1. Please tell me if residue 85 is open to solvent by 60 Å² or more (accessible area, probe 1.4 Å), hydrophobic (A, V, I, L, M, F, W, C), modelled with pLDDT of 95 or more and within 23 Å of residue 137 (Cα to Cα).
2. Return yes or no: is residue 227 within 16 Å of ligand 1 (Cβ to nearest atom), surrounded by fewer than 22 Cβ atoms within 10 Å (Cβ to Cβ) and within 24 Å of the chain's Cα centre (by Cα)?
3. Does the range 85-102 contain at least one residue that is more than 27 Å from residue 14 (Cα to Cα), out of contact with any Asp or Glu (no Cβ under 7 Å at 6 or more places or on another chain), of a type in the set (Gly, Ala, Ser) and in a loop (DSSP other than H, G, I, E, B)?
4. Kindly indicate whether residue 372 is open to solvent by 30 Å² or more (accessible area, probe 1.4 Å), in contact with a strand residue (DSSP E or B) (Cβ under 7 Å, 6 or more places away or on another chain) and aliphatic (A, V, I, L, M).
5. All but one of (1) out of contact with any helix residue (DSSP H, G or I) (no Cβ under 9 Å at 6 or more places or on another chain); (2) more than 12 Å from residue 191 (Cα to Cα) hold for residue 245, so report the exception by its number.
6. Mind counting the residues in the range 84-122 that are within 27 Å of residue 1 (Cα to Cα) and charged (D, E, K, R)?
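The values are calculated or read from the model by the stated rules, or taken from the named source; none is laboratory data. Keep in mind it's a predicted model, so treat the numbers as computed, not measured. Cβ: placed from backbone, ideal geometry, glycine included. Neighbour counts: every protein chain shown. The area values use the complete protein model at the heavy-atom level, side chains included, leaving out ligands, DNA and RNA. Shrake-Rupley method; radii C 1.70, N 1.55, O 1.52, S 1.80 Å.
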Amino acid sequence: MEDAAVCFEYYADLAESLDEKQRSPISLPMENFKSHILKEPIGVVGLITPWNYPLLMATWKVAPSLAAGCTAVLKPSELASLTCLELGAICIEVGLPPGVLNIITGLGPEAGGPLSSHPHVDKVAFTGSTETGKRIMTAAAQMVKPVSLELGGKSPLIVFDDVDIDKAVEWAMFGIFANAGQVCSATSRLLLHEKIAKQFLDRLVAWAKNIKVSDPLEEGCRLGSVVSEGQYEKIKKFISTARSEGATILYGGARPQHLGRGFFIEPTIITDVSTSMQIWREEVFGPVVCVKEFRTESEAVELANDTHYGLAGAVISNDEERCERISKALHSGIVWINCSQPTFVQAPWGGNKRSGFGRELGQWGLDNYLTVKQVTKYCSDEPWGWYQPPSKL
Ligand SMILES: NC(=O)c1ccc[n+]([C@@H]2O[C@H](COP(=O)([O-])OP(=O)(O)OC[C@H]3O[C@@H](n4cnc5c(N)ncnc54)[C@H](O)[C@@H]3O)[C@@H](O)[C@H]2O)c1
Ligand SMILES: C[N+](C)(C)CCCC=O
């Protein structure tokens with residue numbers, strides 16, 4: 001809730017400074033011309049959002065699009081619409097004019113599909129799975145409609161042998177078990193230097209055993225249930241496929257014994273993973289981490305980049321120069337050094353490759369909803385002189 005409020009406050013400030021940035025001059029090589037820039041709202045925008053962090057993911061789009069001066073149609077996930085409807089109620093309460101923010105609930109193809117194909121929607125900003133992103137891009141292409149896509153991920157966390165093991169273990173846990181792993185940027189592939197791998201895994205299991213798995217309303221809960229039965233079954237299938245492909249379920253992999261009902265899955269650590277396995281290649285979107293060892297820095301980078309996704313990556317090491325080298329070598333839109341997941345509204349958010357394109361948050365989030373117009377003026381009294389004037393009557 002606090003992150004959503006901070007995001008609205010941040011874009012309210014950017015909206016005010018946007019007026020000051022209008023008419024910024026362009027330097028031209030000819031004195032008889034003057035040119036400046038107008039940044040204008042792109043128009044009516046369709047905002048399609050997922051079920052994880054449902055209010056925050058909507059806020060990352062609603063706040064900058066309204067700050068840019070657009071009118072918006074928000075289509076939240078059918079699995080988590082209520083907080084977005086509450087947002088609509090708040091907008092009425094604070095006097096947002098009717099029609100500026102419109103919220104349509106319903107299933108994806110029926111309620112969301114028309115936003116991509118309708119000629120009166122000028123842009124679609126989408127957050128969700130890569131498969132849906134492809135469908136939206138295909139539909140929008142028929143109208144040559146711009147899209148920005150925030151899609152899935154299979155992000156790596158690389159841990160070198162010069163670290164404080166317990167501190168690194170805690171970041172590794174936060175990177176995959178926070179929000180039950182239902183985080184697009186979750187660091188779901190853990191790469192451990194071979195010298196510390198055994199010790200690291202022993203400590204990771206010890207810390208994982210200590211996680212309180214419970215109803216999130218209980219004090220001290222650090223792992224709740226996953227969103228739906230469908231997601232629960234999907235995650236269990238990923239775990240059983242990993243096992244059948246030859247991986248080892250080092251810890252977890254099942255329903256916690258003390259929770260007889262609800263879609264709870266233990267924090268799960270999978271080892272003996274090869275790069276051809278499904279668990280290495282595909283996004284699980286659950287509390288499941290797969291682990292591989294590496295020997296050298298270049299091997300770590302090669303493994304980290306061995307994915308079609310490119311949302312985030314993280315490295316933990318006490319060698320600052322090595323961290324700098326790795327932050328350049330990772331093919332992702334976000335790199336965390338000595339941590340995983342902390343997110344700030346001022347910094348750009350988004351991915352490369354099949355994690356999508358475009359950036360949310362910061363100034364880049366506002367630019368998503370603005371179009372740039374050049375205004376160029378001829379300011380000489382002299383005629384242009386390109387054509388021969390006809391003889392005067
Ligand atoms: N990159 C990011 O910033 C980010 C953030 C959060 C979630 N995600 C990704 O979102 C996914 C989980 O969310 P999900 O399961 O809700 O994704 P999803 O793709 O199933 O659904 C996302 C939204 O798209 C709608 N939709 C579905 N089909 C549609 C269609 N044909 N046309 C228009 N809209 C349609 C859904 O109703 C929902 O509102 C994960 O892959 C996760 O990585 C990415
Ligand atoms: C801000 N978090 C917690 C990293 C969530 C980002 C949105 C992706 O699921």
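1. Numbers: open to solvent by 60 Å² or more (accessible area, probe 1.4 Å): yes; hydrophobic (A, V, I, L, M, F, W, C): yes; modelled with pLDDT of 95 or more: yes; within 23 Å of residue 137 (Cα to Cα): no.
No.
2. On the way: within 16 Å of ligand 1 (Cβ to nearest atom): yes; surrounded by fewer than 22 Cβ atoms within 10 Å (Cβ to Cβ): yes; within 24 Å of the chain's Cα centre (by Cα): yes.
Considered against the rule, which asks whether it is within 16 Å of ligand 1 (Cβ to nearest atom), surrounded by fewer than 22 Cβ atoms within 10 Å (Cβ to Cβ) and within 24 Å of the chain's Cα centre (by Cα), residue 227 comes out as yes.
3. We begin by selecting, within the range 85-102, every residue more than 27 Å from residue 14 (Cα to Cα); these are none.
Checked the range 85-102: no residue is more than 27 Å from residue 14 (Cα to Cα), out of contact with any Asp or Glu (no Cβ under 7 Å at 6 or more places or on another chain), of a type in the set (Gly, Ala, Ser) and in a loop (DSSP other than H, G, I, E, B).
4. Yes: the conditions hold for residue 372.
5. It is condition (1) that residue 245 fails.
6. 2
To keep it simple, each residue is scored yes or no on (1) within 13 Å of ligand 1 (Cβ to nearest atom); (2) of a type in the set (Lys, Arg); (3) surrounded by fewer than 19 Cβ atoms within 10 Å (Cβ to Cβ); (4) under 18 Å from residue 336 (Cβ atoms).
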position: 149; (1), (2), (3), (4): yes, no, no, no
position: 171; (1), (2), (3), (4): no, no, no, yes
position: 182; (1), (2), (3), (4): yes, no, no, no
position: 201; (1), (2), (3), (4): no, no, no, no
position: 216; (1), (2), (3), (4): no, no, yes, no
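Okay, residues lined up against (1) within 15 Å of ligand 1 (Cβ to nearest atom); (2) without any contact (Cβ under 8 Å) to a residue 40 or more places away in the chain; (3) farther than 22 Å from residue 355 by Cα:
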| residue | (1), (2), (3) |
| --- | --- |
| 93 | no, yes, yes |
| 96 | no, yes, yes |
| 107 | yes, yes, yes |
| 129 | yes, no, no |
